Structures are given as C-alpha cells and as structure tokens.
1. Compute the signed sum of charges (Lys and Arg +1, Asp and Glu -1) over the other residues within less than 10 Å, Cβ to Cβ, of residue 51.
2. Can you give me the accessible area per residue for the chain, using a 1.4 Å probe, in Å²?
3. Indicate the gyration tensor shape class of region 1-52 (rounded, prolate or oblate), computed on the Cα atoms with a ≥ b ≥ c the square roots of the eigenvalues: a/c under 1.5 is rounded; otherwise a/b larger than b/c is prolate and the rest oblate.
4. Residues with beta-carbon under 14 Å from that of residue 21, excluding residue 21: net charge, scoring Lys, Arg +1 and Asp, Glu -1?
5. Suppose R0 equals 25 Å. What FRET efficiency, 1/(1 + (r/R0)^6) with r the Cβ-Cβ distance, do residue 35 and residue 68 give to the nearest 0.05?
6. Rounding to the nearest 20 debye, state how big the charge dipole of region 1-64 is about its Cα centre with +1 on each Lys and Arg Cβ and -1 on each Asp and Glu Cβ.
7. Just to confirm a number: summing +1 for Lys and Arg and -1 for Asp and Glu over residues other than residue 93 whose beta-carbon lies under 14 angstrom from that of residue 93, what do you get?
8. Can you work out the Karplus-derived ³J(HN,Hα) for every residue in region 53-58? Use 6.51 cos²θ - 1.76 cosθ + 1.60 with θ = phi - 60°, whole Hz, and x for glycine or proline.
Amino acid sequence: MRILLIEDDENVADVLADAFAADGHETAITHTGEDGLAYLARDRPDAVVLDVRLPTLNGVDVLRQIRSTDPTLPVIIMTGLATPGELAQIRRLGVTEIVEKPELLKRFGDALARIADRDRSQDGT
C-alpha cells in the first residue's frame with residue numbers, strides 16, 4: 001500500500017515510516033499540512049496518515065480540504081492531544097480511523113489491514 005504520512009515530528013515520522021516499510025508499505029513523508037496537500041495535488045496514495053497537531057494548517061483543516069476534493073480517500077488520524085470538539089469535527093468530516101498516539105504502532109497495522117480489506121472487497125478480489 002502507498003501511504004502519505006503527514007507528521008511534523010521528524011523522529012516520529014521516521015519511526016512510523018520504518019514500521020510501515022516493515023509491513024510492506026511504501027511511505028511518502030511530509031511535515032506540514034500544506035506540503036501534504038501539495039503532494040495530494042500531484043499524486044493519490046492508497047491512504048493518508050495525518051497528525052492532528054501540525055504547525056500552521058492543523059490536521060482538521062487538512063482533512064477538510066482532502067474531503068472537499070477526495071471524499072473516498074482513506075484517512076487515518078493520529079492524535080494524542082485532540083480535544084473532544086476536534087474529534088467530533090474529524091468524525092463529521094468522514095475520517096476512516098482515529099488512532100491514539102500511545103497505541104500508535106500496534107493499532108496502525110490493524111487500521112491499514114482494514115483499509116486493504118475494504119479495497120479488495122470493493123475491487124471484487
């Protein structure tokens with residue numbers, strides 16, 4: 001699976017990309033919401049992994065822009081600090097999965113597997 005990871009902490013991004021690669025996924029990394037959206041304007045990955053806390057354009061706003069142009073792209077939100085209001089907004093925008101940062105690596109494998117299963121069932125394979 002081709003994943004776009006939008007995460008401002010370079011160390012966290014590297015750890016996640018390594019974990020995704022170990023599971024056979026190809027990961028492109030951007031460190032700002034603006035760079036993530038620019039990437040999406042050029043290429044469509046199979047899924048986006050998006051941090052809520054980003055420097056200038058936060059994850060909620062990035063998700064809103066993604067949904068305005070691509071309502072079916074799977075987006076996994078990762079957060080450790082989202083407020084209940086932000087989480088409600090994220091759900092209204094149609095997030096695919098929400099993963100809490102303390103459970104990050106454990107739950108990402110499961111979330112990506114569910115996306116792959118959904119894709120296979122939609123493709124009829």
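The values are calculated or read from the model by the stated rules, or taken from the named source; none is laboratory data. Since we're looking at a predicted model, the values are computed, not measured. Using ideal geometry, Cβ is built from the backbone for each residue, glycine included, and neighbour counts are taken over all protein chains shown. To get the accessible areas, we keep the full protein, side chains included, count just its heavy atoms, and leave off ligands, DNA and RNA. Shrake-Rupley method; radii C 1.70, N 1.55, O 1.52, S 1.80 Å.
1. Spelling it out: positives minus negatives among the neighbours equals -1.
2. Accessible surface, normalised per residue, equals 51 Å².
3. Because a/c hits 1.5 or more and a/b fails to exceed b/c, region 1-52 counts as oblate.
4. Every neighbour counted, the sum reads -3.
5. 0.90
6. 320
7. Cβ neighbours under 14 Å give a net charge of 0.
8. 8, 10, x, 10, 9, 6
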